[in-house]
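The structure appears right after this line, and notes come after that.
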Amino acid sequence: MDLFRTFNDDEAYSGALITVASPGALVMPVELEIGYAAGSAERLRLPVEIWHRSREWTFEHQADQPVTVIRIDPDGYLPDIRPSNGRWKRLTE
């Protein structure tokens with residue numbers, strides 16, 4: 001996970017911009033698990049076609065609560081040359 005940035009840092013959460021990158025030559029669909037402050041989570045699947053434009057993809061994700069964690073390929077099914085960068089966690093203040 002190369003970048004995560006919330007739209008708002010106040011209590012009116014409207015979502016997040018999430019950027020994923022594919023540094024290797026093999027392109028695959030991206031499965032993400034997004035966890036929220038209330039303990040719930042949801043999964044998103046980005047198609048392989050996102051890599052037709054570039055090696056980096058940013059998208060807007062709507063959320064009505066803070067995102068606390070994001071995992072790429074949470075089940076570990078896909079090959080990954082750097083699995084250590086497949087998780088982002090919000091720093092607590």
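The values are calculated or read from the model by the stated rules, or taken from the named source; none is laboratory data. Please read all numbers here as calculations on a predicted model, not as lab measurements. All Cβ positions, even for glycine, are placed from backbone atoms using ideal geometry, and neighbour counts span all protein chains on display. When the accessible area is computed, the model is the full protein with side chains, heavy atoms only, and any ligands, DNA or RNA have been set aside. Shrake-Rupley method; radii C 1.70, N 1.55, O 1.52, S 1.80 Å.
General remarks:
- Candidates Pro83, Ala63, Gly35 compared by Cα position along the dipole of segment 33-93: farthest toward the positive end lies Pro83, with charges placed on Cβ.
- For segment 33-93, the fraction of 1.4 Å probe accessible surface lying on carbon and sulfur atoms is 49 percent.
- With the biggest extent put first, the Cα atoms of segment 29-93 measure 35, 24, 20 Å across the principal axes.
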